[in-house]
Amino acid sequence: MEWLECEALAPEASIVHAFSTRREHLARRRGLNFTLGQGTARDDRHRRRFLRALKAADFLPASLRQIHSANIWQVVRNANGSGLLYTPCGAASGASQKSEPSGDALLTDEPGILLGVRSADCMPILLADVRRQVVAALHAGWRGTLARLIEKTVGEFERTFGCRPEDLIAAIGPSIRACCYEVGEELVDAFCGQFVHGERFFFHLSPERSPAGGAWLSQYPPGHSPPRSAHLDLVAAARDQLEGAGVKPSRIHVAEFCTACREDLFFSYRRDGARAGRMMAVIGIRPEKRDPGRWPRSPAQLPGRRGPDSIARTRP
Ligand SMILES: [Zn+2]
């Protein structure tokens, strides 16, 4: 098995985390299905293999019905410890649920629960407060980012667990990057309307900048702009929200991979279409304190191998 780890989280013996790749699935069209009780028996076997490799086979897996929202759920064990209970955070109202609530972020401070999100081009984001032992897994595409999912989740660390944002480590996994993420002008408007520096999240490739620009421009009557192509940099938007919420820039780590460019490593919805597989990002707290004999104590004993390339690099 092979996966990607964040360099800042990997040495933390109390935290288990991973971003899966498609290398394990190259012979197959579909990705790893993390949903318990769904998918094929082969998916289920594969998922168990992955969790065993992470030494997290005993963890209770928590997952979401992902709907590109800003809904955040706190996960705890149920009264007898055999299952999970999901409670809506923040402005989200409604009753607790026993399985797969609709939302895009999971948060827990309980050891032995493995939070998981699936993605193909959207950003999988893992957050951890190692000091207070709180972790979160987020699925953030443009809709969730526009709805400030990332900033709200950091807020829940503070509100629910009394964490300090400056203690958080953020790992942004492989996702579609600006190079491949051309979007319509309505998204430019939406982000610029929602964020003070929204225009910084876009690269505009316009005819004026192209070598043949002059010829192009002349085709448009005065007062009419040539068509521009906007490329959305979702990672910039994620950084903006993390930093705005108080996370230190030096603690934000980004896996420098574009899912659409790296067909050898990742699934991509934009590249492969609706049938694209999904990668999985997971994070949990090892129940070290409760069961001292069973869990790795030092970084040297940590399970797993590094991914195909080095993963998270801190922005200089
Ligand atoms: Zn790309």
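The values are calculated or read from the model by the stated rules, or taken from the named source; none is laboratory data. What you are looking at is a predicted structure, and each value in this text was computed from that prediction instead of being measured. Here the Cβ positions follow ideal geometry from the backbone for every residue, glycine too, while neighbour counts run over all protein chains shown. Keep in mind that these areas ignore ligands, DNA and RNA; they rest on the heavy atoms of the full protein, side chains included. Shrake-Rupley method; radii C 1.70, N 1.55, O 1.52, S 1.80 Å.
Open to solvent by 10 Å² or more (accessible area, probe 1.4 Å), β-branched (Val, Ile, Thr) and modelled with pLDDT of 95 or more, is that true of ILE169?
Yes; evaluated as a whole, the condition is true for this residue.
Within the stretch 228-243, does at least one residue satisfy the condition of being within 16 Å of the ligand (Cβ to nearest atom), assigned to a strand (DSSP E or B), modelled with pLDDT under 90 and surrounded by fewer than 18 Cβ atoms within 10 Å (Cβ to Cβ)?
Checked against the condition, which is being within 16 Å of the ligand (Cβ to nearest atom), assigned to a strand (DSSP E or B), modelled with pLDDT under 90 and surrounded by fewer than 18 Cβ atoms within 10 Å (Cβ to Cβ), the stretch 228-243 yields at least one hit.
Considering GLU182, GLU208, which residue is acidic (Asp, Glu), within 16 Å of the ligand (Cβ to nearest atom) and modelled with pLDDT under 95?
GLU182 is the lone residue from the list that is acidic (Asp, Glu), within 16 Å of the ligand (Cβ to nearest atom) and modelled with pLDDT under 95.
Limited to the stretch 104-115, what total is found for residues that are in a loop (DSSP other than H, G, I, E, B) and on the phi < 0 side of the Ramachandran plot?
Residues that pass the stated criteria total 4.
Does ARG132 satisfy being modelled with pLDDT of 95 or more, over 28 Å from VAL196 (Cβ atoms) and out of contact with any strand residue (DSSP E or B) (no Cβ under 9 Å at 6 or more places or on another chain)? Write out each step before concluding.
Details: modelled with pLDDT of 95 or more: yes; over 28 Å from VAL196 (Cβ atoms): yes; out of contact with any strand residue (DSSP E or B) (no Cβ under 9 Å at 6 or more places or on another chain): yes.
Judged against the criteria, ARG132 is a match.
Please state which one of ILE169, ILE176, ILE150 is within 16 Å of the ligand (Cβ to nearest atom) and aliphatic (A, V, I, L, M).
ILE176
Report, by residue number, each residue of the stretch 185-204 that is open to solvent by 30 Å² or more (accessible area, probe 1.4 Å) and within 16 Å of the ligand (Cβ to nearest atom).
Listed by number, the list holds a single entry, PHE203.
List every residue pair whose Cβ atoms sit under 8 Å apart, with the two residues 6 or more apart in sequence or on different chains, where the first one lies in the stretch 72-91 and is over 23 Å from ILE150 (Cβ atoms) and part of a loop (DSSP other than H, G, I, E, B) and the second, anywhere, is open to solvent by 50 Å² or more (accessible area, probe 1.4 Å) and charged (D, E, K, R).
What qualifies is ASN78/LYS98; GLY83/ARG77; GLY83/LYS98.
When the stretch 121-153 is examined, which residues are found to be surrounded by fewer than 24 Cβ atoms within 10 Å (Cβ to Cβ), of a type in the set (A, V, I, L, M, F, W, C) and within 28 Å of TYR269 (Cα to Cα)?
Within the stretch 121-153, TRP142, LEU146, ALA147 meet the criteria.
Where residues in the stretch 257-279 are within 11 Å of the ligand (Cβ to nearest atom) and part of a loop (DSSP other than H, G, I, E, B), which of them is surrounded by the fewest Cβ atoms within 10 Å (Cβ to Cβ)?
Per the criteria, the residue is GLU263.
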